[in-house]
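The values are calculated or read from the model by the stated rules, or taken from the named source; none is laboratory data. This one's a predicted model, so the numbers in the text were calculated from it and none came from an experiment. Note that we place each Cβ from the backbone using ideal geometry, even for glycine, and neighbour counts take in every protein chain shown.
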Amino acid sequence: MEYLVILGVTGSIGQQTLEVVRQHPDKFKILGVSAARNIKQLEIVINEFEPAYVTVLEAETAELLKGKYPTITFFSGEKGLETLATIQGTTKLVNALIGFVGLKPTLAAIKAGINIALANKETLVAAGEIVSQLALKHQVTIIPIDSEHSAIFQCLKGNLNKEVKKIVLTASGGSFRDKSRAELKAVTVQEALKHPNWTMGAKITIDSATMMNKGLEVIEAHHLFQIPYQNIEVILHPESIIHSLVEFVDNSWLAQLGSADMMVPIQYALTYPKRFPLEIQEKLDLIKQKSLNFQAMSFERFPLLKLAYEVGLKGGNLPAIMNGANEAAVALFLEEKISFLMIEKLVKKTTTELEYLRTPSLKEIIASDQRARDYVYQLAKEH
């Protein structure tokens, strides 16, 4: 029996994790969950799965819920997330939080010796070296939930890193993959949120449209698999059937295929190294699919992907700055306060102009993230 704590249970990944649990009630028990503001959905989760521990964003909300659920221990805020991530008896933490907020709970869980199923890519983007070293020290396994990284993880199973020539991340191209740069000037939030293949949260859907999501995945892949950036490639694959590939030194390739359903990588992260049956809405049918298409990635069309490579190579606090700037810019776009193309401008300007630190401490990484957000909001007001 796996005793799970799910951070971000009301989000897309959190909800799909619950569906995996529903299919295997003999294998999983929900020990704790967290949610930010979707308290209605949280209560549905509480009533069905009866977790012993719950973290919410506001202390006032925690107090109100205590009255309704006296047998549950409630926490709140960032400290509450860290406490929840280290609950004794947890065998696996599912970090499905969106953004930089996922970093501290990940570090806390690692220090507590708890293995992690990681959907929060910002953890490794912002502080990859610190997280990797700490996981090695505490002998904690981090298994990726992202479909692309899960694919690579599966392809590498039984192979040595020195046998890898390169890894290839596939990208759908996002909501605007068929639009030119000129056509992007007037796109709306509603248009940006219509991803052609995947059902995801708002932030990651916008990141997919700018290709920042793939840039973050490049940095994450570097830290997860210890692969040099020059050996990480991104290609466009509109069908999202091949989730990623690995080329080996003998020129052979391995690819992981599947339908666009996140329950598959979620379950694999929870059950690794075993596989169990899983019912999903749409199974892959290669005969029906007929063909798969691939295109070279254009850094001119997707400049944030190019920026991510540059930032990853330079390292230090730059990934944290870029990530913080992107989170702030995407939030402004979703609030319809800036245009779609302004996301790129704000992220690039912030990453270029803020102070670079080659070997930042965790405290300096956290400060860099906050400075980046503040700078983006300042630039947006001046615009």
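Taking the conditions exactly as written (at pLDDT 90 or above and under 19 Å from Val330 (Cα atoms)), does Thr199 satisfy them or not?
The answer is no for Thr199.
Go through the residues of segment 309-322 one by one and say whether even a single one is touching a residue at least 60 places away in the same chain (Cβ under 8 Å) and under 11 Å from Thr210 (Cβ atoms).
No, there is no match, as no residue in segment 309-322 is touching a residue at least 60 places away in the same chain (Cβ under 8 Å) and under 11 Å from Thr210 (Cβ atoms).
For segment 108-119, state whether one or more residues are farther than 28 Å from Glu220 by Cα, under 24 Å from the mean Cα position of the chain (by Cα) and modelled with pLDDT of 95 or more.
No; the residues of segment 108-119 include none that is farther than 28 Å from Glu220 by Cα, under 24 Å from the mean Cα position of the chain (by Cα) and modelled with pLDDT of 95 or more.
So which of Val94, Val131, Val125, Val101 is in contact with a Pro (Cβ under 7 Å, 6 or more places away or on another chain) and touching a residue at least 12 places away in the same chain (Cβ under 8 Å)?
Selected residue: Val125, the only one of Val94, Val131, Val125, Val101 that is in contact with a Pro (Cβ under 7 Å, 6 or more places away or on another chain) and touching a residue at least 12 places away in the same chain (Cβ under 8 Å).
What is the one condition in (1) in contact with a helix residue (DSSP H, G or I) (Cβ under 7 Å, 6 or more places away or on another chain); (2) over 26 Å from Phe248 (Cα atoms); (3) modelled with pLDDT of 95 or more that Ile143 does not satisfy?
(2)
Among (1) surrounded by 18 or more Cβ atoms within 10 Å (Cβ to Cβ); (2) within 30 Å of Gln190 (Cβ to Cβ); (3) under 19 Å from the mean Cα position of the chain (by Cα), there is one condition Leu318 misses while meeting the rest; what is its number?
Single failed check for Leu318: (2).
Looking at Leu292, Leu224 in this structure, which one is surrounded by 22 or more Cβ atoms within 10 Å (Cβ to Cβ) and not acidic (Asp, Glu)?
Leu224
State whether the residues of segment 198-214 include one that is in the same structural domain as Lys185 (by TED's automatic domain parsing), in contact with a His (Cβ under 7 Å, 6 or more places away or on another chain) and in a helix (DSSP H, G or I).
Looking through segment 198-214, at least one residue is in the same structural domain as Lys185 (by TED's automatic domain parsing), in contact with a His (Cβ under 7 Å, 6 or more places away or on another chain) and in a helix (DSSP H, G or I).
Looking for something surrounded by fewer than 21 Cβ atoms within 10 Å (Cβ to Cβ) and either in contact (Cβ under 8 Å) with a residue 40 or more places away in the chain or more than 21 Å from Leu31 (Cβ to Cβ) (or both) - is there at least one such residue anywhere in segment 104-119?
yes
Of the residues Leu357, Leu305, Leu362, Leu313, which single one is touching a helix residue (DSSP H, G or I) at 6+ places or on another chain (Cβ under 7 Å) and crowded, with 18+ Cβ neighbours inside 10 Å?
Leu305
Kindly indicate which of Lys137, Lys157, Lys165 is in contact with a helix residue (DSSP H, G or I) (Cβ under 9 Å, 6 or more places away or on another chain), more than 30 Å from Tyr356 (Cα to Cα) and either surrounded by fewer than 19 Cβ atoms within 10 Å (Cβ to Cβ) or not assigned by TED's automatic domain parsing to the domain that holds Asp369 (or both).
Lys165
Does Glu336 satisfy the condition of being closer than 22 Å to Val187 by Cβ, out of contact with any Leu (no Cβ under 8 Å at 6 or more places or on another chain), touching a residue at least 24 places away in the same chain (Cβ under 8 Å) and not in a helix (DSSP H, G or I)?
Yes; evaluated as a whole, the condition is true for this residue.
With respect to the numbered conditions (1) under 23 Å from the mean Cα position of the chain (by Cα); (2) not in a helix (DSSP H, G or I), which one is the sole condition not fulfilled by Ala325?
It is condition (2) that Ala325 fails.
Can you report the number of residues in segment 256-270 which are under 12 Å from Leu4 (Cβ atoms) and surrounded by fewer than 19 Cβ atoms within 10 Å (Cβ to Cβ)?
Total satisfying the criteria: 0.
When you look at Ile232, is it within 20 Å of the chain's Cα centre (by Cα), in the same structural domain as Lys166 (by TED's automatic domain parsing), surrounded by fewer than 24 Cβ atoms within 10 Å (Cβ to Cβ) and closer than 20 Å to Glu310 by Cβ, yes or no?
yes
Within segment 1-37, count every residue that is farther than 24 Å from Glu279 by Cα and surrounded by fewer than 17 Cβ atoms within 10 Å (Cβ to Cβ).
The number of residues fulfilling the criteria is 1.
Could you check, for segment 122-131, whether at least one of its residues is more than 15 Å from Gly32 (Cα to Cα), surrounded by fewer than 20 Cβ atoms within 10 Å (Cβ to Cβ) and out of contact with any Leu (no Cβ under 9 Å at 6 or more places or on another chain)?
Yes, that holds for at least one residue.
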